[in-house]
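*Asks:* Input: one structure, supplied below.
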Amino acid sequence: MDSFLIRGGNRLKGRVEISGSKNASLPIMAACLMARGRSRLHGVPRLSDIDSMNKLLGELGCHVYRHPPEDSPREKGPVLNGPLDIEVMDESRCEARYEIVSTMRASICVLGPLLGSRGRAIISMPGGCAIGDRPVDLHIRGLQRLGADFRIESGNIIGEVRGRLKGCRMYLGGAQGPTVLGTINVMCAAAMAEGETVIVGAACEPEVVDTANLMNKMGAKISGQGTPEIRIEGVDKLIATEHRVIPDRIETATFIIAAAMTNGELELKHCNLDHLLAVEDRLSEVGIRVERENGTLRVSSARRLNPIETTTQPYPGFPTDVQAQLMALLCLADGMSVITERIFPDRFLHVGELNRMGAKIRKEGATAVIQGVKELQGATVMASDLRASAALVLAGLVARGQTRINRVYHIDRGYEKIEEKLIAVGADIQRVRE
Ligand code: EPU
């Protein structure tokens, strides 16, 4: 398992190219299962989760081809990816095996597309993960409302459709609010159902909107995406199309915070601050300035960071996927901050590791109280999930001395070439391969 060695203290300065969104790419790739012909996707990042989805689509009868990278890198920094083609060759395959689902929970997003277009899906039941239990009851309930039958057999979810799915009006919210991938699963299945479906309590995340936009290009009739009420008029077929996935808003936020923590100045290319208004709002209170100019953001920060309070919420609220990185930043604020996690109340594995680096964080249930310290110190720490790992990298960038982060495969699931991007703007970070 690879590790990162980071020597803290360098000010980050320069330009970073933001990648396409992982969390939009995964359901978008799954939605390509429903289309006839060859779909072409631009901006899909090279990540281990994307490799797992490629493999899964291959097992589900698709031919997946990644074009060579677009020629030269822009100035410093890594080379851009070539487009990804997905073509369905064999519609008889409907099984997502344990070996893949256990490496990537997002495999669940093939459930709706398979039921909508092939009438059958067998998906190994996703287990819990480092950030909590992660149930899929809402996905199942929504698809049942469309007429799918489900049973659990030997750890697999088996879904079947007799005849065709039928549209209906349904409420899809749960105790923690709306579900992102659940909304997308139901929306995909409903796209080829008979009649109209209305999802009330739908997730409003930009990744839901991007998937709906792709599907509309394929011939689906979806409206209301981005609001809590999505309306889907079923169609008989979907035809392959070409699409560019949205920029990764979580990677963008992570680099904004990196600039702020190192007292640096970064220019972030290809990003959309409209998807990060809650993050911008909270960070401006901390003292971080983000200026936008077309698709580029310029980040700079005050030397003194103010403490703040924030709560993670469904979109457009502050994203749970930026909670750990914000916590790393607030470790250096001048006073006491409070973060409450409303989406995944157990998503605090980074707390212990940050404390090993000299942070002063106290956890009380789903709330963390962060007492700012003057500096963090390098230590050997363990990455436990994707965003917790990002928080440790951020902490390592400013810590005194050397930080070793073990198990960085978590970060490879969601941040494309993170060390190359950081090195290009002045960080001292090195991957140690094992
Ligand atoms: N929930 C249920 N039942 C369900 C589904 C969800 O109770 O059937 C609960 C969850 O336990 C959670 C809340 O609803 O408390 C929201 O979960 P959601 O379903 O929205 O999460 P997801 O769709 O499984 C996606 C992202 C996550 C991100 C969440 C929330 C992907 C591949 N994953 O997960 O991303 O944290 O939405 O925004 O899109 C990450 O990238 O690090 C990551 C974990």
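The values are calculated or read from the model by the stated rules, or taken from the named source; none is laboratory data. This one's a predicted model, so the numbers in the text were calculated from it and none came from an experiment. Please note: Cβ atoms are built from the backbone with ideal geometry, for glycine as well, and neighbour counts cover all protein chains shown. Note: areas computed on protein heavy atoms with side chains; ligands, DNA, RNA excluded. Shrake-Rupley method; radii C 1.70, N 1.55, O 1.52, S 1.80 Å.
*Asks:* What residues qualify as long-range amide H neighbours of Met125, i.e. H under 5 Å apart, gap of 5 or more or another chain, H built at 1.01 Å from N?
*Replies:* Placed amide hydrogens put Asn156, Ile157 under 5 Å from Met125.
*Asks:* Assuming a ≥ b ≥ c are the square roots of the Cα gyration tensor eigenvalues, decide whether the range 332-403 counts as rounded (a/c under 1.5), prolate (otherwise, with a/b larger than b/c) or oblate.
*Replies:* oblate
*Asks:* Using the basic label-point model (7 angstrom from Cα toward the beta carbon), what is the Glu91 to Lys221 distance in nanometres?
*Replies:* The modelled label-to-label distance comes out at 2.0 nm.
*Asks:* Sorting Glu233, Glu341 by accessible area (1.4 Å probe), largest first, what list results?
*Replies:* Glu233, Glu341
*Asks:* Shifting gears a bit: In whole Hz, with x marking every Gly and Pro, tabulate ³J(HN,Hα) for the range 243-256 from phi via Karplus 6.51 cos²θ - 1.76 cosθ + 1.60, θ = phi - 60°.
*Replies:* Per residue, the Karplus-derived 3J(HN,Hα) values read 8, 10, 6, 5, x, 6, 6, 6, 5, 4, 4, 5, 6, 4 Hz.
*Asks:* Let me ask something else about it. Which whole-number percentage describes the relative contact order of the chain, with Cα contacts under 8 Å and a sequence gap of 6 or more?
*Replies:* Here the relative contact order equals 21 percent.
*Asks:* So, one more: Say each of Asp236 and Cys129 gets a label point 7 Å from the Cα, pointing the same way as Cα to Cβ; how far apart are those two points in nm?
*Replies:* Those two pseudo-labels are separated by 3.9 nm.
*Asks:* For the chain, with all protein chains present and a 1.4 Å probe, just round the carbon and sulfur fraction of the accessible area to a whole percent.
*Replies:* Taking all protein chains in place, the chain shows 47 percent carbon and sulfur surface.
*Asks:* Can you give the calculated 222 nm mean residue ellipticity of the chain, where each DSSP H run of n ≥ 4 adds -39,500 (n - 2.57) and the sum is split over every residue, rounded to the nearest 500 deg cm²/dmol?
*Replies:* Computed mean residue ellipticity for the chain: -8500 deg cm²/dmol.
*Asks:* Sort the following peptides by mean Cβ neighbour count (other Cβ atoms within 10 Å, averaged over residues), highest first: 100-110, 6-16.
*Replies:* Result, highest mean first: 100-110, 6-16.
*Asks:* In addition: At 1.4 Å probe radius, can you tell me the per residue accessible area of the range 254-386 in Å²?
*Replies:* 40 Å²
*Asks:* Report the local net charge at Asn263: Lys and Arg +1, Asp and Glu -1, summed over other residues whose C-beta lies under 11 Å from its C-beta.
*Replies:* Charge balance near Asn263 sits at +3.
*Asks:* Using only the alpha carbons, work out the radius of gyration and Dmax of the chain in angstrom.
*Replies:* Rg and Dmax of the chain, Cα atoms, are 21.4, 65 Å.
*Asks:* If you don't mind, another one. Subtract the Cα-Cα distance of Gln371 and Met336 from 0.36 nm times their separation in residues, and report this length gain in nm to one decimal.
*Replies:* This chain segment gains 12.2 nm when fully extended.
*Asks:* Tell me, what ³J(HN,Hα) does each residue in the range 166-175 have, in order and in whole Hz, if you take phi through Karplus 6.51 cos²θ - 1.76 cosθ + 1.60 with θ = phi - 60° and put x for Gly and Pro?
*Replies:* So the J values, rounded to whole Hz, are 10, x, 7, 9, 9, 9, 10, x, x, 4.
*Asks:* On a full-extension model of 0.36 nm per residue, what is the gain between Asp51 and Val432, subtracting their alpha-carbon distance, rounded to one decimal in nm?
*Replies:* 135.0 nm
*Asks:* Right, something else. Using a Gaussian network model of the chain with C-alpha springs under 10 Å, which one of Gly396, Gly167, Gly177 is most mobile by mean-square fluctuation?
*Replies:* Checking each option, the largest mean-square fluctuation is seen for Gly177.
*Asks:* Right, here's the next one. Could you please put Asp248, Asp149 in sequence from largest to smallest accessible area, using a 1.4 Å probe?
*Replies:* Per-residue accessible area, sorted high to low, gives Asp149, Asp248.
*Asks:* Can you list the equivalent-ellipsoid semi-axes of the range 163-312, largest first and in whole Å, using the square root of 5 times each Cα gyration tensor eigenvalue?
*Replies:* They are 38, 18, 9 Å, listed from largest to smallest.
*Asks:* For the range 25-244, what is the accessible area per residue in Å², given a 1.4 Å probe and the full set of protein chains?
*Replies:* Normalised by residue count, the accessible surface of the range 25-244 is 41 Å².
*Asks:* Still on this structure, please answer the following. Amide H to amide H under 5 Å from Asp428: which residues, 5+ apart in sequence or cross-chain, H placed 1.01 Å off N in plane?
*Replies:* Here the answer is Arg7, Asn10, since their amide H atoms fall under 5 Å of that of Asp428.
*Asks:* Mind ordering 27-35, 355-363 by average Cβ neighbours within 10 Å, highest first?
*Replies:* For the peptides 27-35, 355-363, the packing ranking is 27-35, 355-363.
*Asks:* Express in nm, to one decimal, how much length is gained between Arg162 and His63 on full extension, taking 0.36 nm for each residue of separation and deducting their alpha carbon distance.
*Replies:* Taking Arg162 through His63 to full extension adds about 32.9 nm, to one decimal.
*Asks:* How high is the relative contact order of the range 1-121, in percent, counting Cα pairs under 8 Å that sit 6 or more residues apart?
*Replies:* Worked out over the range 1-121, it gives 28 percent.
*Asks:* So for the chain: antiparallel DSSP bridges make up what percent, rounded to the nearest 5?
*Replies:* Of the beta bridges lying entirely in the chain, close to 70 percent run antiparallel.
*Asks:* List the residues, sorted by chain then number, that are 5 or more residues from Val44 or on another chain and whose placed amide H is less than 5 Å from its amide H.
*Replies:* Close amide H contacts, sequence-distant or interchain: Leu84, Val245.
*Asks:* Give me the count of lysine pairs in the chain whose alpha carbons sit under 21 angstrom apart, restricted to pairs 8 or more positions apart or on different chains.
*Replies:* Final tally of qualifying lysine pairs is 21.
*Asks:* Mind running the shape call on the range 275-434? Use the C-alpha gyration tensor, a ≥ b ≥ c as the square roots of the eigenvalues: rounded below 1.5 for a/c, prolate if a/b tops b/c, oblate otherwise.
*Replies:* rounded
*Asks:* While we're on this one: Mean 1/r over all different Cα pairs, inverted: what Kirkwood radius does the range 107-225 give, in Å?
*Replies:* 14.3 Å
*Asks:* Give the Kirkwood hydrodynamic radius (Å, one decimal) of the range 25-244, defined as one over the mean of 1/r across all pairs of different Cα atoms.
*Replies:* 17.4 Å
*Asks:* Also, quick follow-up: What list of ³J(HN,Hα) couplings, whole Hz, do you get for the range 103-113 from phi and the Karplus terms 6.51, -1.76, 1.60, once you set θ to phi - 60° and write x for glycine and proline?
*Replies:* Rounded to whole hertz, the list is 8, 8, 4, 5, 4, 4, 6, 8, 4, x, x.
*Asks:* May I ask for the Kirkwood hydrodynamic radius of the range 217-275, worked out over all distinct Cα pairs and given in angstroms to one decimal?
*Replies:* 14.8 Å
*Asks:* Okay, next question. Just to confirm a number: summing +1 for Lys and Arg and -1 for Asp and Glu over residues other than Leu26 whose beta-carbon lies under 13 angstrom from that of Leu26, what do you get?
*Replies:* Here the charged neighbours net out to -2.
*Asks:* Add +1 for every Lys or Arg and -1 for every Asp or Glu among the other residues with Cβ under 13 Å from the Cβ of Ile140, and state the total.
*Replies:* Once positives and negatives cancel, what remains is 0.
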